[in-house]
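Let me begin by presenting the structure, written as structure tokens, before commenting on it.
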Amino acid sequence: MNLFFSPIFLIVFCMMMGSFLGNISFRKFKLGSSMSLFIGLFISFFINKNNLSEINIPNELFNVVLIGFIASVGLKASKNIRTIISTHGIKFIILSFFITAVGASCTFLFIKLYPDLAFSIIGAYEGGLTSSPGLATALEISQSKLADASIGLGYSIAYVPGILVVMLYSSWIGKRNSSDLRSKSKPIDSTIKYPFHIWKFLFVVVTGLVIGNFKIKISSFMVFSLGITGGVLISALFLGSYFKSLQFENTALDVIRDISLNGFLAIVGLDYGYTAINAVMDSGVVLLIIGLTIASISVVAGHIMGYYILKIEPVYLVGGICGGMTSTPGLACAVEAFESEDVTLGYGAAYPFALVGMILWTNILISISFYIGF
């Protein structure tokens, strides 16, 4: 019986059922890999609610599948990244700081309304924008166990709604524009083959892990790091764009992407399902609404800025918004919706600057909360 509650079995089961059910269409709409997330949420809540077992998924396993997804989509998109940055780079910098600033502004207003929930609301800001680096920054500088617990609660409640907001947005915009993207896309020369070599793929990953491990101390309270996700993404985009031998055939990369994506979403669901749902049912409705509001306003504001003011093409804009929200699940959904890895180009251009924005605004919000008094 223990087999059925082991992390590996639960993850693979969610992946299998998610892949199967996600491909069932309802009036031309299907959830795709997102179904693995929902199945994970349901299983997590059911198992924990009935005290059947504890789901303890090693963080290293989560990182492995996350790395597989990021590296595969980064390498597929790497051929065009230099062109995108040279033509639209400044736009993605503006977009990233704008999205994180809008989210921080909403957070500040909610702190003014609910000062007793200040640190929980900051956690909801990190969760609504699905920013693990932002969460790490908040916990690092809070220097209070009580504050840490409140931040963690807000994050756990808002994380899933934050994912869903970006996924729904990515899917909606992607479905509306994928046909136009296909009609504009250039035919691929099928005679060009770049054979896949495991050691080369892993070289890209190892390089990314080294890059992500670097930490830059901005001040006594501010430390900047790309982390695993950012490091591997930058490595894949950079190395794939400069070295032809690292532009692998799509077949192998697609397999790695799909398996990693389903595993990543399944783990997110299993990890956060019970905590988020139970917290909301217990006393977290206000934080749920706050997190949902912060995420929704940030996405809508980012779309208005990117589409109407910065004039960014939809496929790159959606990637840029996912990057501005530091939302890997949103990127995954966008890749599926557009049926193109070009989304990753906008994500890669925006993501590093969004990390800086999250760290900056988190520091400011924490300082404000201490000033108000916890």
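If you go through segment 292-310 and pick out every residue that is open to solvent by 10 Å² or more (accessible area, probe 1.4 Å) and either out of contact with any Leu (no Cβ under 9 Å at 6 or more places or on another chain) or closer than 11 Å to Leu129 by Cβ (or both), you end up with 8.
Which residues, taken from segment 329-353, are open to solvent by 10 Å² or more (accessible area, probe 1.4 Å) and under 14 Å from Leu164 (Cα atoms)? Hit for segment 329-353 is Cys333, nothing else. Within segment 311-349, the residues that satisfy the criterion of being in contact with a Cys (Cβ under 8 Å, 6 or more places away or on another chain) and either aliphatic (A, V, I, L, M) or over 16 Å from Val299 (Cβ atoms) (or both) are Leu331, Ala334, Val343.
Conditions (1) touching a residue at least 40 places away in the same chain (Cβ under 8 Å); (2) crowded, with 24+ Cβ neighbours inside 10 Å, marked per residue:
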{"site": "Asn48", "(1), (2)": "yes, no"}
{"site": "Leu52", "(1), (2)": "yes, no"}
{"site": "Asn59", "(1), (2)": "no, no"}
{"site": "Ser72", "(1), (2)": "yes, yes"}
{"site": "Cys106", "(1), (2)": "yes, no"}
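Among the listed residues Val318, Val356, which satisfies the condition of being assigned to a helix (DSSP H, G or I) and in contact with a strand residue (DSSP E or B) (Cβ under 8 Å, 6 or more places away or on another chain)? None of the other options fit; the residue is Val356. For segment 252-270, the criterion of being at pLDDT below 80 and among the polar types (S, T, N, Q) is met by none of the residues. Scanning segment 157-172 for residues that are buried (at least 24 other Cβ atoms within 10 Å of the Cβ) and either not aliphatic (A, V, I, L, M) or not in a helix (DSSP H, G or I) (or both) yields Tyr159, Pro161, Gly162, Tyr169, Ser170.
The residues listed here are Ile198, Ile163, Ile234, Ile192; of these, the one that is under 26 Å from Glu336 (Cβ atoms), among the β-branched types (Val, Ile, Thr) and modelled with pLDDT under 80 is Ile192. Looking only at segment 75-104, which residues are over 27 Å from Ala301 (Cβ atoms) and surrounded by 21 or more Cβ atoms within 10 Å (Cβ to Cβ)? Answer for segment 75-104, where residues must be over 27 Å from Ala301 (Cβ atoms) and surrounded by 21 or more Cβ atoms within 10 Å (Cβ to Cβ): Leu75, Lys76, Ser78.
Here Lys175, Lys186 are screened, and the one residue that is modelled with pLDDT under 80 and in a loop (DSSP other than H, G, I, E, B) is Lys186. Somewhere in segment 116-132, is a residue surrounded by fewer than 23 Cβ atoms within 10 Å (Cβ to Cβ) and closer than 14 Å to Leu287 by Cα? Scanning segment 116-132, I find at least one residue that is surrounded by fewer than 23 Cβ atoms within 10 Å (Cβ to Cβ) and closer than 14 Å to Leu287 by Cα, so the answer is yes.
The values are calculated or read from the model by the stated rules, or taken from the named source; none is laboratory data. Keep in mind that what you see is a predicted model, and the values were worked out from it rather than measured. Please note: Cβ atoms are built from the backbone with ideal geometry, for glycine as well, and neighbour counts cover all protein chains shown. Quick note on the areas: whole protein, heavy atoms, side chains included, nothing else; ligands and nucleic acids left out. Shrake-Rupley method; radii C 1.70, N 1.55, O 1.52, S 1.80 Å.
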